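The values are calculated or read from the model by the stated rules, or taken from the named source; none is laboratory data. Keep in mind the model is a prediction, meaning the values are calculated, not measured. Cβ placement follows ideal geometry from the backbone for every residue including glycine, while neighbour counts extend to all protein chains displayed. Remember, those area values only see protein heavy atoms, side chains included, never the ligands or the DNA or RNA. Shrake-Rupley method; radii C 1.70, N 1.55, O 1.52, S 1.80 Å.
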Amino acid sequence: MSDEEYEGYAVWIKTDDGESISEERRHYQETEEHKKLVEKFDEYVHHQYVRHWGLLSERQGKNEEWFIPNPSVFEEGHSEYLCDMCRHIDFRALFTQRGLPANDIPGPTTIRLHGFDRVLKRENCAFCRLISRKVKSDGLLDFENEHAMKAITMKLHVLDEGPGVALRLEIEFQDISRLPQPVKIIVQQVCDKKSAPFHGIQVNPERISTTALQKWRSLCEEDHPEIVDRVIAQKQHGLRLIDVHEYRVVKIDGPCRYVCLSYVWGQINQPQYTSETKAAFQAPYGLKSELIRLPRTIKDAIEVTKQLGIDYIWIDAICIEQDNEDDKAAIIADMGAIYSNSILTIVASTNSDPSEGLPGVSATARMKTQIREIVQGLQLAVAFHDNRRPLADVEKSIWNSRAWTYQEWQLSQRMLFFTNSQMCFLCPHSTVFEDTWPITDPTFKPAPLLDRSTFYRTPMEIWMKLWQDPTQYRFENKAFETEGGLTIMVGEDRDVNSELSAPIYQCRQIHDSETSAMPKLRGQNIWNIYRKAVNSFTCRDITSHADTVNAFAGMTELICQGANTKFWYGIPAFAFDQALLWYPKEQLQRRRDLEGRELFPSWSWAGWKGACHYRGRGWHNGLYRCPVTAVNWLQQMDPVKFLARLGDNTLSGVPEGMTPEQLRGDILSGKWKLLEQINTRELYRFDFEECGWQSFHEKERNQHGYTHSQYPGIVFNYPIPLPNQENISLPDSEGALRFQAYANKVRFCDMQTTPHIKESNIENFLQLGLNDERKSATYRPPWQRIIYHQGYRAGFLVLNISFEDLDLDKQDELSLVAMSRDEVPRTAPPTEGWDVYQGLGPVEIVWNLGRKHQWLPKKLADSIPSPNVDVDPVTDAKVENGDAIWDEYRFHEGQVYELYNVLLLRKRGVVGGNSWKGQQEGWERIGVGKMHWSAFHHAGPVMESFLLR
């Protein structure tokens with residue numbers, strides 16, 4: 001499971017009195033509501049279907065309202081024929097009556113059915129045929145494997161999303177042993193006349209619905225709240241646009257309503273606006289000229305804009321002067337504003353190039369047709385898309401793999417996607433589809449997309465994470481309670497009556513209430529918005545690596561609209577220390593220009609080609625705080641101000657053979673670099689209370705944060721400069737970072753032949769393991785390494801580069817640097833004695849743990865616990881998931897902030913060129929990891945100054 005998946009689960013320890021610090025525990029308690037459900041359930045006999053219908057038990061009661069005991073039986077060739085399984089189900093009741101009983105357990109209306117293999121063969125049964133057509137056309141299951149099909153259970157869930165909203169059927173296919181995720185489809189009742197939201201609509205397979213287009217736009221503009229936090233101020237005056245009525249390029253100086261087109265350029269040669277073609281493009285009806293011949297996608301987009309009632313459209317190939325570098329640079333810098341200020345963005349999500357057109361507009365056919373059947377007089381249709389899931393057709397498209405299209409998606413006020421089946425309209429408040437009647441309430445939240453089989457399908461992944469959680473090592477026995485109430489014991493100590501015998505861990509899946517794929521600043525934690533953006537953006541492809549930062553600039557501008565912050569090469573000032581800790585998902589390569597020079601600093605993810613991500617905070621309700629800086633940031637002093645401040649005083653430390661006057665001259669000329677520590681109080685806002693910041697603790701997520709009235713609705717991990725305050729620049733003019741930090745030397749060691757050393761503080765370096773694959777219970781690629789000290793496991797490291805790119809003969813040029821203190825996310829509730837810690841805000845911890853402790857050598861030395869010298873290294877293989885697993889018997893556990901976030905740096909020599917684009921002297925980031933902080937100090941680190949390029 002990924003970090004994002006772990007954050008989708010709340011996990012806590014059941015207390016003796018059955019109470020929980022979390023409101024989420026109430027989900028499992030025997031409430032009055034649950035008792036009523038059980039009482040109602042007991043009023044019925046319950047029917048089940050295996051090969052035929054029968055009773056689940058011999059109890060007395062009435063039939064479920066959805067069960068037809070004596071249905072009409074038609075011949076197989078009859079239009080109303082249903083098989084023995086389906087004819088006993090009253091589908092009209094399922095689509096019209098709320099609160100019907102389930103057939104297996106108390107709760108929402110659910111009908112469990114066995115024998116799915118026969119469903120695929122019943123071509124004469126209308127309902128079975130509806131399901132079979134969808135499964136086979138989309139390749140949802142391996143339907144050719146008859147043995148596998150027999151193991152699948154089919155469930156019919158009635159989705160009841162409140163009065164005024166049509167009931168729908170969620171059909172779920174489960175097979176614990178074969179399906180990593182249950183397969184689900186949505187069936188809705190089709191009503192072509194105006195009807196309730198979520199009723200189905202017939203979709204024309206040939207043409208888009210112009211009526212739907214106009215309704216969607218007016219619905220959003222008239223009924224939804226104004227979109228205010230997505231509008232970016234435009235830098236340039238005026239905008240070049242296409243007039244869709246006169247088919248020509250015009251320059252509009254004032255505000256106007258326009259549409260944008262987002263598409264993939266591909267490999268074709270398409271007409272472009274240049275210094276040579278501009279006259280023809282600007283002429284009335286010039287774009288209809290046979291000499292220009294616009295690609296079909298562009299012509300279709302112009303036609304859709306007219307149907308929307310909008311006069312102008314912006315298309316990059318036609319509205320940027322492609323052979324004018326100044327024009328290109330100015331518009332690229334303004335790209336965020338162009339998309340965020342448009343009324344809507346049309347997305348050609350099916351295209352690999354603009355010659356393919358928009359499906360359903362002109363000559364481009366839709367590849368998928370709606371699957372409909374008449375069942376018991378009802379017209380039922382399988383929804384093309386489950387509105388609770390990401391847009392599958394878009395997620396898998398070439399369009400979605402491109403870096404430039406990321407910001408177009410994230411910044412647009414509204415999106416109109418053209419897929420192979422239908423149109424989809426997306427805004428920050430809702431998502432609507434051509435095959436479904438839209439809901440007008442912008443506050444509506446769809447039914448949770450919960451996996452009801454979670455605790456039966458993937459218990460091992462959740463349990464294993466808890467089992468090797470270092471904060472839970474004190475429990476030798478553990479018990480895990482599933483959603484169904486099943487308790488499973490796992491342990492080593494048979495004395496289950498001991499004081500710490502077996503805590504019971506409970507868990508439930510959390511539904512993400514965010515219904516739109518478009519980010520909103522208000523009501524959100526700004527760090528989460530940023531890290532999710534980086535996680536997604538770095539997975540995408542870009543043709544010109546020099547455009548990497550520009551392609552992400554729209555997202556940075558959106559954040560800057562809501563907060564007074566800066567970005568340097570994609571790294572934000574508001575969380576700079578934390579943002580340096582990006583992790584590679586694969587082996588990376590430096591981004592270089594055509595001459596082979598590095599384009600961006602090594603400390604930014606933008607400097608590397610490949611997928612990166614930021615680690616999460618553990619469980620949804622995990623006890624976790626943000627990292628606390630462990631470095632002293634330095635900045636270059638102004639030589640004139642320095643000498644003026646010095647006055648007539650004599651310079652000390654003048655190099656031999658140089659006079660003070662010569663030294664003054666060298667300082668003024670910039671030959672000597674004068675460094676000073678950046679004001680920590682100002683950098684980390686120790687005066688946050690005086691400035692009006694409010695700290696808070698969100699109990700549901702056990703998360704601390706800060707808010708301010710000047711940033712309404714936005715949550716910060718740490719206070720940031722207010723709109724009238726200045727951001728401190730950490731990188732210098734050449735993009736280099738200067739800081740002081742504790743650092744250790746590292747050595748690559750063969751862990752099969754290197755003996756462990758029990759005595760403390762013998763070796764003054766850390767080990768990166770070779771030939772230690774047996775330490776891992778799961779596959780670990782060569783660019784992921786375990787950190788040891790004297791043969792004892794201490795942490796985990798992920799390299800940016802491939803292992804083959806390391807020169808093991810030059811290990812003296814490697815240094816492992818402690819960048820920040822961190823902690824392992826803990827499982828709720830907090831242990832005894834944590835009240836004071838829980839009451840401290842993040843800034844107070846920076847002050848107490850960092851400024852008053854980390855940088856006072858005596859206090860730091862006194863706080864480091866000695867290692868246990870009486871134990872051998874733990875030999876158990878660990879499941880590797882990137883967490884900092886350490887030898888729990890060797891190194892002390894149970895502290896707060898027991899980890900260091902570390903960077904592996906490689907020394908660089910002077911090769912020539914200027915700034916880091918050449919190979920100036922300094923250090924290069926080549927790895928990131930986490931390790932136990934006391935193990936780091938047992939290796940004897942020293943305080944060093946670094947120039948990180």
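Strictly greater than 55 Å: what percent of every Cα pair in the chain meets that?
Working: 100000 of 449826 pairs.
For the chain, the fraction of Cα-Cα distances above 55 Å is 22 percent.
How far, in nm, would the chain grow between Glu43 and Val640 when pulled straight, counting 0.36 nm per residue and subtracting the alpha carbon separation?
On the way: separation 597, 0.36 × 597 = 214.92 nm, distance 8.86 nm.
So the chain would gain 206.1 nm between Glu43 and Val640.
Determine the gain in length on full extension of the stretch Asp593-Gln282; use 0.36 nm per residue of separation and subtract their C-alpha separation, reporting nm with one decimal. Don't skip to the end; give the middle numbers.
Working: separation 311, 0.36 × 311 = 111.96 nm, distance 3.51 nm.
Answer, rounded to one decimal: 108.5 nm.
Express the carbon and sulfur contribution to the solvent-accessible surface of the chain as a percent, rounded to the nearest whole number, probe 1.4 angstrom.
Working: 20150 of 41380 Å².
Of the solvent-accessible surface of the chain, carbon and sulfur hold 49 percent.
Out of residues 5 or more away from Ser776 or on other chains, whose amide H comes under 5 Å of its own, with H placed 1.01 Å from N in the peptide plane?
Lys878
So for segment 615-773: antiparallel DSSP bridges make up what percent, rounded to the nearest 5?
Details: 11 of 16 bridges.
Close to 70 percent.
Taking amide H positions as placed in the peptide plane 1.01 Å from N, state which residues far from Lys930 in sequence (5 or more) or on other chains have amide H under 5 Å from it.
Close amide H contacts, sequence-distant or interchain: Phe796, Val902.
Given charges of +1 on the Cβ of Lys and Arg and -1 on the Cβ of Asp and Glu, with all other atoms neutral, how large is the dipole of the chain about its Cα centre, in debye to the nearest 20?
Value, rounded to 20: 1340 debye.
Could you tell me which of rounded, prolate or oblate describes segment 665-802, using a ≥ b ≥ c as the square roots of the eigenvalues of the alpha-carbon gyration tensor, with rounded for a/c under 1.5 and, failing that, prolate when a/b is larger than b/c and oblate otherwise? Could you put the intermediate results ahead of the total?
Values: a/c = 2.74, a/b = 1.52, b/c = 1.81.
Taking the square roots of the gyration eigenvalues as a ≥ b ≥ c, segment 665-802 is oblate.
Report, ordered by chain and residue number, the lysines lying within cross-link reach of Lys609, taken as a straight Cα distance under 26 Å and ignoring same-chain residues fewer than 8 apart.
Excluding near neighbours in sequence, the set is Lys328, Lys396, Lys532, Lys566, Lys585, Lys810, Lys907, Lys917, Lys930.
Is it possible to state the helix-based mean residue ellipticity at 222 nm for the chain, with each DSSP H run of 4+ residues giving -39500 (n - 2.57), the sum divided by total residues, to the nearest 500 deg cm²/dmol? What is it?
Numbers: 27 runs with 197 residues, N = 949.
The helix-only estimate for the chain comes to -5500 deg cm²/dmol at 222 nm.
Here is the link list: Lys758/Lys858; Lys40/Lys194; Lys36/Lys445; Lys40/Lys445; Lys134/Lys445; Lys745/Lys775. Which ones come out longer than 29 Å on Cα distance?
Numbers: Lys758/Lys858 25 Å; Lys40/Lys194 35 Å; Lys36/Lys445 25 Å; Lys40/Lys445 27 Å; Lys134/Lys445 26 Å; Lys745/Lys775 23 Å.
Violating the 29 Å Cα-Cα cut-off are Lys40/Lys194.
Return one whole number: the accessible area per residue of the chain in Å², for a 1.4 Å probe. Before the final figure, lay out each step's value.
Details: 41380 Å² over 949 residues.
Here the per-residue accessible area is 44 Å².
Given H placed 1.01 Å from N in the peptide plane, which residues other than close sequence neighbours of Met423 have an amide H under 5 Å from its amide H?
Long-range HN contacts for Met423: Glu434.
Roughly how far apart, in whole Å, are the Cα centres of segment 550-573 and segment 123-163?
Between the Cα centre of segment 550-573 and that of segment 123-163, the gap is 46 Å.
Over the chain, what is the relative contact order in whole percent, taking alpha-carbon pairs under 8 Å and six or more residues apart? Provide the component values of the computation, followed by the final result.
Details: 1859 pairs, mean separation 100.7, N = 949.
After rounding, I find 11 percent.
Tell me, what HN-Hα J-couplings in whole Hz come from the Karplus equation 6.51 cos²θ - 1.76 cosθ + 1.60 at θ = phi - 60° for each residue of segment 787-803, using x for Gly and Pro?
For segment 787-803, the Karplus curve yields 9, 10, 9, 6, x, 9, 5, 10, x, 9, 10, 10, 7, 6, 9, 6, 4 Hz.
Assign one of three labels to segment 75-169, namely rounded, prolate or oblate, based on the Cα gyration tensor with a ≥ b ≥ c the square roots of its eigenvalues; rounded applies when a/c is under 1.5, prolate when it is not and a/b is larger than b/c, and oblate otherwise.
Details: a/c = 1.86, a/b = 1.46, b/c = 1.28.
Cα axes put segment 75-169 in the prolate bin.
So if we plug the beta-carbon distance of Lys36 and Asp386 into 1/(1 + (r/R0)^6) with R0 = 30 Å, what FRET efficiency do we get, rounded to 0.05? Let's see the in-between values first.
Details: r = 30 Å, r/R0 = 1.00.
Step by step, r from the Cβ atoms, then E = 0.50.
So what J values fall out for segment 940-949 if you push phi through Karplus, 6.51 cos²θ - 1.76 cosθ + 1.60 with θ = phi - 60°, rounded to Hz, Gly and Pro as x?
x, x, 10, 6, 10, 9, 10, 10, 9, 10
List the trypsin sites (Lys or Arg not before Pro) within segment 187-224 that fall in a DSSP loop (any state other than H, G, I, E or B) and whose Cβ has at most 13 other Cβ atoms within 10 Å. Kindly include the intermediate steps, with their values, before the conclusion.
Details: sites: Lys193, Lys194, Arg207, Lys215, Arg217; in loops: Lys193, Lys194, Arg207.
Those that pass, being in a loop and sparsely packed, are Lys193, Lys194, Arg207.
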